[in-house]
Amino acid sequence: MAEWTIDTTVGELLRRERDRRDGGRITDRWPGLDLGTAYRVQDAVLDRKVRTGETVVGVKLGLTSRAKQRRMGVDAPLTGWLTDAMTLRPGRPVPVGELIHPRAEPEIAFLMGARLSGPGVTAEQAMGAVESVHAGFEVIDSRYRDFSFDLPDVVADNASASRFVISAQAVPPAGLDLAAETCRLDVDGRTVGTATGAAVLGHPANALALAANGLAERGAAIEPGWIVLTGALTDAVALLPGRTVSAEFDSLGALSITGTH
């Protein structure tokens, strides 16, 4: 491609998703892709999807764990969009053949009861807008080879968003200590990781506030009824056909997903 622009980058990322193929970093070919431009790409990708019939249903946080930031070679959290086309029903298998190289990660999810608009939103104000708290899984699926990217690359790629599911069990936020909420991650019945809500920027409410304040800079807000995925609690694990990944939370209950062809 002779010249990289927002439009050509949008087209390339959408083709990779449609064709279920990965590729190299955009920043290797377009050094001018900075963070601000990458968010413009992300919003343009969303606009294309909305124009073809998808509906925005929430937002997601990515790379909220300091350890994961170091592992992925980036130095800041990021936000992305969730649409109805990404939604999975609890208990339904995940058709991994529709994806490139999916990975599953457990998350604390919020269902919003009130509009949350920055700037200046605090963690306390953020929690006041939450209707219920849920166990969740995000299935990430980078359009970059081997999940290798710089921060602008992954922001443009909508923070590797692909699929997500939240539990039917809705827990009121009052009285929950989400920083201390523990999560055990099992793969086919074998424990592969444990964490607490403090892994997400010290408290998931900090991630929610960060999302609201970041969206304000882009002229958007978190709307009532939206779902917010606050970020991975543990390392992501590969989701393969026949593999079951389960998360057991202290207060939020349990949730499992299984890959299928």
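Where a number appears in this text, it was derived from the coordinates with a stated rule and is not lab data. Since the structure is predicted, the reported quantities are computational estimates derived from the model, not experimental observations. We place every Cβ from the backbone using ideal geometry, glycine too, and count neighbours over all the protein chains shown.
Here are some notes:
- Residue in the range 112-119 that is surrounded by fewer than 22 Cβ atoms within 10 Å (Cβ to Cβ) and either closer than 15 Å to Gly73 by Cα or free of Cβ contacts under 8 Å to residues at least 60 places away in the same chain (or both) present: no
- Verdict on Gly242 being closer than 17 Å to Arg103 by Cα, free of Cβ contacts under 8 Å to residues at least 60 places away in the same chain and not basic (Lys, Arg): yes
- Qualifying positions in the range 39-66 - farther than 18 Å from Thr27 by Cβ and either free of Cβ contacts under 8 Å to residues at least 40 places away in the same chain or assigned to a loop (DSSP other than H, G, I, E, B) (or both): Asp47, Arg48, Lys49, Val50, Arg51, Thr52, Gly53, Glu54, Thr55, Thr64, Ser65, Arg66
- The range 155-174, subset in contact with a strand residue (DSSP E or B) (Cβ under 8 Å, 6 or more places away or on another chain) and part of a helix (DSSP H, G or I), residue nearest to Val94 (Cα to Cα): Ser160
- Residues that are surrounded by 18 or more Cβ atoms within 10 Å (Cβ to Cβ) and under 23 Å from Gln169 (Cα atoms), drawn from the range 237-261: Val245, Ser246, Ala247, Glu248, Phe249, Leu252, Leu255, Ile257, Thr258, Gly259
- Any hit, the range 45-56, residues being within 11 Å of Ala156 (Cα to Cα) and surrounded by 15 or more Cβ atoms within 10 Å (Cβ to Cβ): yes
- The set of residues from the range 67-91 being in a strand (DSSP E or B) and farther than 20 Å from Ala212 by Cα comprises just one member, Thr87.
- The one condition in (1) outside any strand (DSSP E or B); (2) over 24 Å from Arg89 (Cα atoms) that Thr194 fails to fulfil: (1)
- Hits in the range 84-111 (condition: loosely packed, with under 14 Cβ neighbours inside 10 Å and touching a helix residue (DSSP H, G or I) at 6+ places or on another chain (Cβ under 8 Å)): Ala85
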